[in-house]
1. Can you list the distances in nanometres, one decimal and ascending, from the residue A:212 label point to the identical position in each other copy, with the point 7 Å along Cα to Cβ?
2. With the crude spin-label approximation of a point 7 Å out along Cα→Cβ, what separation in nm comes out for residue A:212 versus residue A:242?
3. List, shortest first and in nm to one decimal, how far the label point of residue A:133 (7 Å from Cα along Cα→Cβ) is from its counterparts in the other copies.
4. Shape call for chain A from the C-alpha gyration tensor, a ≥ b ≥ c root eigenvalues: rounded (a/c under 1.5), prolate (a/b greater than b/c) or oblate?
5. How large is the helix-only mean residue ellipticity at 222 nm for chain B, computed as the sum of -39500 (n - 2.57) over DSSP H runs with n ≥ 4, divided by its residue count, in deg cm²/dmol to the nearest 500?
6. With springs connecting C-alpha atoms under 10 Å apart, model chain B as a Gaussian network and identify which of B:57, B:277, B:302 has the largest mean-square fluctuation.
7. For chain B, find the longest principal axis of its Cα atoms and tell me its angle to the long axis of helix B:30-43, 0 to 90°, nearest 10.
8. Between B:315, B:95, B:34, find the one with the highest GNM mean-square fluctuation for chain B; connect C-alpha pairs within less than 10 Å.
DNA sequence: CTGAAAGCGCTAACAC
DNA sequence: GTGTTAGCGCTTTCAG
């Protein structure tokens, strides 16, 4: 653990000169600089970030805040992890490190601001799959804590966000299925009154609107929360006398499970119904039939969020920015013309 | 951002008393302590970790080092993600935060020790899916950098590791399939001369040994590296005149893709062959047929690694510890008696 | 162009 | 029990 002073001694200069070289402040004669650089290399010197941070307040670290659910972190999840990849990639480019945290602590307290208070990070990126408590928003506003939200369009003027145009994609799904002759739709979602999830919310609302505007039929089946009569979505669907032929699922995981369960009951996709999901998870590509879906540019979203955050902490920008991305349709064999019965 | 001094002023004591209260050092009269605690609450004071770290050298942060592949982080991966969950959970319990990093930087340099040199973390947990360069091992030994490896049984006496008994599970798989009458095996792996992965390595070697000891037949098909004649594993298998009826796959992802590809070619599991994978990914549960597999206790492994690391940094233990976990068999419909042909 | 002095927020060692 | 002094490694004034 070489220190600045040791480098200075070896190079025969004062430690302040080392600081100048390390931080590229100019004002150093080339040959002095050369001596210092040689000493740095020889001692394998790295500036101590803790000490730097104590001076200028910058840790060059951000926290990625993700949901904790069922008493454990929700890392094991394609959506969150792809975002993390984007965050890490852009973070690296900009010289920032990423601290993984969850929104709740062990005891179920909402304390994700802790890492900022402790000065472990300069700012936070939220993966907003859950309602944001307004207490925290007020604190963020009051203290000017740099924050960017992904997926949840936080109302506060202090929080920038990036999101996708789920409404467009959901409307496209309805249109696409209607064009294949489908007249009876089902939407697999969550109980929005219980489980706030902005993605599911936007998708369900847009599906409702699009189906209604075409004058078609729609069953909405909640997956989580309190499922109808204690049954899970596939059971609810299978128990219906008149089954929708066009199923739109709030995400791919739900869709894949749905396909597997109905298949075991002898009700097959795409023979008996068509289905489309969201998020284009890799598992959907491996299904038989392959699952049609809408891809969010998660990698880009993660990268963009970091950019916004860094701009904000460095003062390059201090106004709220909002950014929306389109979703791409990913074709699959799970989409077919309505069965003639 | 209240400081210790501000709290002290408000409480009418000196800042050192605040420090004593915060760190529970005793030596403080209860009523003084009460005053200080009230001031802390009122000012919403958090100790500045940077400053603490500058004194005692402890950041209470660990780095989880995971592989970067194909120019991006490999976070989006069931295996890595479940480990991360375990690491985060135990970290929280012990008051440590987790910094996510990758083994290579943007330019392909092996610089995962950077975060330690910069004093951003107190130690490292490696997810060893890749050969560890011996340069780094030497540096770890020389500087006493606290490290724990997951899955790769690092030879150095300075690096503790946790791993699973893949050999046992692989032998069990062979035994199980042989008991179902299978005599011709295939193993789907990677090119071990090109792609070092300790899990795949242990599994392949054990399969080879077990099949040989029973005097049965084995085809080994590499998935990555340079696939035979430019074909991927399923194609290689399908192109064989005499196909193995018992397939053991190095992991579930490969197995799932294998099943999907052969199914499209009309070669069906379990009618035409049986298959078993490793890691018990959730996607395998949703396959038709469901995929038999062996589950590693990844959550526990992650937790255990953190425990070992923390013990090492706090000096509670300074000898190398190694720990192995058993794998659990997870039943699936992909296993059946050998087809009568 | 280079250096000396002060201080970031905190803790360890030593007084009182 | 409580306070004072020094110093962790670095950067930011301000002098020379």
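1. For residue A:212, the other copies' label points sit at 7.0 nm, shortest first.
2. Each label point lies 7 Å from its Cα, and together they span 2.0 nm.
3. The projected label point of residue A:133 is separated from its counterparts by 4.5 nm.
4. On the way: a/c = 2.96, a/b = 2.54, b/c = 1.16.
The shape class here is prolate.
5. Values: 13 runs with 139 residues, N = 341.
The helix contribution divided over chain B gives -12000 deg cm²/dmol.
6. Evaluated over chain B, the most mobile residue of the options is B:57.
7. 70
8. Result for chain B, Cα springs under 10 Å: B:34 fluctuates most.
Laboratory data are not the source of any read-out in this text; all were calculated from the coordinates shown. Computed from a predicted structure; not experimentally measured. Quick reminder, even Gly has a Cβ in these numbers, built from the backbone with ideal geometry, and neighbours come from all protein chains shown.
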